[in-house]
């Protein structure tokens, strides 16, 4: 059975690029453009891994992570960020909430692929 990946990012280009990248690697990739949309999808189906942008309008990534873990504490979540200010405190908060890793934009696809495949196998 194919592994399922949920990619959550408010930037359409970023999430579609990442989804297509992983689809070519036979990973079932679904996208969401907001925390709200991600939570709705997670309420309907199970994902093996979530790539979650930290900075989004509406419910931000940190709050989305908290709610994901309330729904299912075993859901694996990797945080994605393009911002530097207060990064240490955000990263620490995400770890406390249960994020398994933290990667930076612009996405280095080789690094991202290694991290994602490690978690999916």
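The values are calculated or read from the model by the stated rules, or taken from the named source; none is laboratory data. Here the structure is a predicted model, which is why all the values come from computation and not from measurement. Glycine also receives a Cβ, built like all others from the backbone with ideal geometry; neighbour counts cover every protein chain displayed.
For this structure, a couple of remarks:
- Scanning segment 94-112 for residues that are assigned to a helix (DSSP H, G or I) and crowded, with 16+ Cβ neighbours inside 10 Å gives 94, 97, 112.
- So residue 55, is it more than 23 Å from residue 120 (Cβ to Cβ), modelled with pLDDT under 95 and surrounded by 15 or more Cβ atoms within 10 Å (Cβ to Cβ): yes
- Selection status of residue 32, within 19 Å of residue 106 (Cα to Cα) and within 13 Å of the chain's Cα centre (by Cα): yes
- Taking each residue of segment 47-75 that is on the phi > 0 side of the Ramachandran plot and looking for partners that are surrounded by fewer than 18 Cβ atoms within 10 Å (Cβ to Cβ) with beta-carbon atoms closer than 7 Å, six or more apart or interchain, yields 58/36.
- Only a single item in (1) within 18 Å of residue 109 (Cα to Cα); (2) modelled with pLDDT of 95 or more; (3) more than 11 Å from the chain's Cα centre (by Cα) is not met by residue 44, and it is number (1).
- Qualifying residues in segment 1-17 (those that are more than 11 Å from the chain's Cα centre (by Cα) and not in a loop (DSSP other than H, G, I, E, B)) - the one surrounded by the most Cβ atoms within 10 Å (Cβ to Cβ): 14
- Residue pairs whose Cβ atoms lie under 7 Å apart, sitting 6 or more positions apart in sequence or on different chains, and linking a residue in segment 85-100 that is at negative phi and modelled with pLDDT under 80 to a partner that is outside any helix (DSSP H, G or I) and surrounded by 10 or more Cβ atoms within 10 Å (Cβ to Cβ), are 87/81.
- Residues that are modelled with pLDDT under 95 and more than 16 Å from residue 60 (Cα to Cα), drawn from segment 1-11: 1, 2, 3
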